[in-house]
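Enquirer: This is the structure I want to talk about, given as structure tokens.
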């Protein structure tokens, strides 16, 4: 069932666990994520990038997620969110399409412009009851990349995050605290900075780039105030590896459905592992 992201996040805060926000890339990934949520009896956020919207189409994507939430996962709380909206136009389109939360990512700009653009989104979103996630400190890397170490990971300044939250009135905050998009050997979470941000802002914290961080650090981050954890790279990798393996094992197969079906279980298994780690199992 489709619910507001606010309801899922607030329950996670009260329950002391984190909710997974899982990126979709295709029909099979939607099915896999939903399947995992049902089997684990866990609330989830399904999120989409601008790239996936361009690939599937906003209206079709919204319909697919809504239909899956009403059928496959009719007893599971599911929220639909835009992840890393870079343009005002795409963010506004998702607000108008009925998303319950949107992420405006203007973190690549100077703080003043980031605040200006985020305030513009907040003004429109709050009129429609939509939650807004803002970001401070651009989170580098690339979804799905596996590449040893990554250098030059930016770290957000506490004073910038505090100013940003105060001036924008965002509902959730993401900040660069040592992670990166993709899977890298030297990713980390700066726990003291996370704690300071939580203490100063009192806002739900969204961890981006969680795929490359060791499990014990994820658990510590949840105890320290992380409420939502984005998972994108792990899903891409599981999907692609399952598809490649099946194609190699059945080189003469010509039915796309036969070749694609194993990707559903691969995505589901990855999501189930995340749900266990985040503590949201049986929280639906």
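The values are calculated or read from the model by the stated rules, or taken from the named source; none is laboratory data. Being a predicted model, the structure only gives us computed values, none of them experimental. Using ideal geometry, Cβ is built from the backbone for each residue, glycine included, and neighbour counts are taken over all protein chains shown.
Enquirer: What about residue 69, is it out of contact with any helix residue (DSSP H, G or I) (no Cβ under 7 Å at 6 or more places or on another chain), over 20 Å from residue 204 (Cα atoms) and at pLDDT below 95?
Expert: No: the conditions fail for residue 69.
Enquirer: Out of the residues in region 133-147 that are in a strand (DSSP E or B) and modelled with pLDDT under 95, state the one that is nearest to residue 158 (Cα to Cα).
Expert: So, considering only residues that are in a strand (DSSP E or B) and modelled with pLDDT under 95, the one nearest to residue 158 (Cα to Cα) is 141.
Enquirer: If you go through region 96-132 one residue at a time, how many are over 12 Å from residue 167 (Cα atoms), part of a helix (DSSP H, G or I) and touching a strand residue (DSSP E or B) at 6+ places or on another chain (Cβ under 6 Å)?
Expert: 2
Enquirer: Do you know which residues across region 83-104 are buried (at least 24 other Cβ atoms within 10 Å of the Cβ) and under 21 Å from residue 280 (Cα atoms)?
Expert: Of everything in region 83-104, those that are buried (at least 24 other Cβ atoms within 10 Å of the Cβ) and under 21 Å from residue 280 (Cα atoms) turn out to be 83, 101.
Enquirer: Let me ask you something else. Go through the residues of region 183-200 one by one and say whether even a single one is touching a strand residue (DSSP E or B) at 6+ places or on another chain (Cβ under 7 Å), modelled with pLDDT under 95, closer than 21 Å to residue 5 by Cα and part of a helix (DSSP H, G or I).
Expert: Checked region 183-200: no residue is touching a strand residue (DSSP E or B) at 6+ places or on another chain (Cβ under 7 Å), modelled with pLDDT under 95, closer than 21 Å to residue 5 by Cα and part of a helix (DSSP H, G or I).
Enquirer: Return only the number of the condition from (1) modelled with pLDDT of 95 or more; (2) buried (at least 21 other Cβ atoms within 10 Å of the Cβ); (3) touching a helix residue (DSSP H, G or I) at 6+ places or on another chain (Cβ under 8 Å) that residue 158 does not satisfy.
Expert: Exception for residue 158: condition (2).
Enquirer: Condition test on residue 58, is it over 19 Å from residue 281 (Cβ atoms), in contact with a strand residue (DSSP E or B) (Cβ under 6 Å, 6 or more places away or on another chain) and either surrounded by fewer than 24 Cβ atoms within 10 Å (Cβ to Cβ) or touching a residue at least 12 places away in the same chain (Cβ under 8 Å) (or both)?
Expert: Details: over 19 Å from residue 281 (Cβ atoms): yes; in contact with a strand residue (DSSP E or B) (Cβ under 6 Å, 6 or more places away or on another chain): no; either surrounded by fewer than 24 Cβ atoms within 10 Å (Cβ to Cβ) or touching a residue at least 12 places away in the same chain (Cβ under 8 Å) (or both): yes.
In short, no.
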